[in-house]
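Scroll down for the structure; my scribbles are underneath it.
The values are calculated or read from the model by the stated rules, or taken from the named source; none is laboratory data. What you see is a predicted model, and the numbers here were worked out from it, not measured in a lab. Cβ coordinates were reconstructed from backbone atoms using ideal geometry, including for glycine residues, and neighbour counts include every protein chain displayed.
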Amino acid sequence: MKTFKFKFETLLDFRKNMEDLLKREFSFAKDELNKKEKELEELMYSYINEIEGMLEKGEITSAEMDACRNYIESLKESVDKKRKTIGLIRAAVQEKQNELLTARKHRKVMDFLKDKEIKGHKMLEGKEEQFFIDEYNSNTFKNRGDL
C-alpha cells in the first residue's frame, strides 16, 4: 500500500508561511497603531492641561499669553498630525487584515483539498484491503474444496 502524499503539499506550506508572515505584519501594524494612539492620548492630555493651567493662572502678561498660545497652537498642530498619521496607520492595518483574511481563505482551500484527497486515499486503501481479503477468502475456500 502506498503512503499518502498530497500533491500540493509545497503550495500548502507556502500558503501557511504566507499566512504566518501576514499575521506577524498585522500584529506589528496593530502594535504601531496602539503606540501612536497612546502618543496622541498623551499629547491631548498635555494640550488640555496646558489650557487648564492657563485658565487657572488668572493674571498673565501678554508675553506669557503669546508664549502659551504659541505652545498650545504647536500642540494642536501636533495633535492634528498624529491624527492624520493614525488614520494612515489604521488604513494600513485594515489592508493587512484584509490580506491576512485572503491568505487564510487560500490556506483553508488547500486544507480542504488535502482533506478530500486523504479521504479518497483512505477509501482506495479500504477497497484494496477488501479486495485482498476477498481474494484470500476465495483462495482459502478454493483450497479447502481441493482437499
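Some notes on this structure:
- Some residue of the stretch 18-39 being in contact (Cβ under 8 Å) with a residue 40 or more places away in the chain, part of a helix (DSSP H, G or I) and within 30 Å of K127 (Cβ to Cβ): no
- Any chance L88 is of a type outside the set (F, W, Y) and touching a Leu at 6+ places or on another chain (Cβ under 9 Å): no
- Applying a threshold of 6 Å to beta carbon distances and a minimum spacing of six or more residues, or different chains, the list of pairs starting in the stretch 114-137 at a residue that is over 13 Å from K5 (Cα atoms) and ending at one that is in a helix (DSSP H, G or I) and hydrophobic (A, V, I, L, M, F, W, C) is empty.
- Counting only residues that are closer than 30 Å to R15 by Cβ and either of a type in the set (D, E) or outside any helix (DSSP H, G or I) (or both), the stretch 102-147 holds 4 of them.
- Candidates K127, K119, K114, K105 - the one that is under 30 Å from K23 (Cβ atoms), of a type outside the set (F, W, Y) and over 29 Å from the mean Cα position of the chain (by Cα): K119
- Within the stretch 49-98, restricting attention to residues that are surrounded by fewer than 12 Cβ atoms within 10 Å (Cβ to Cβ) and part of a loop (DSSP other than H, G, I, E, B), the residue that is nearest to the chain's Cα centre (by Cα) is G58.
- Unmet requirement for S46, which otherwise passes all of (1) small (G, A, S); (2) at pLDDT below 85; (3) surrounded by fewer than 14 Cβ atoms within 10 Å (Cβ to Cβ): (3)
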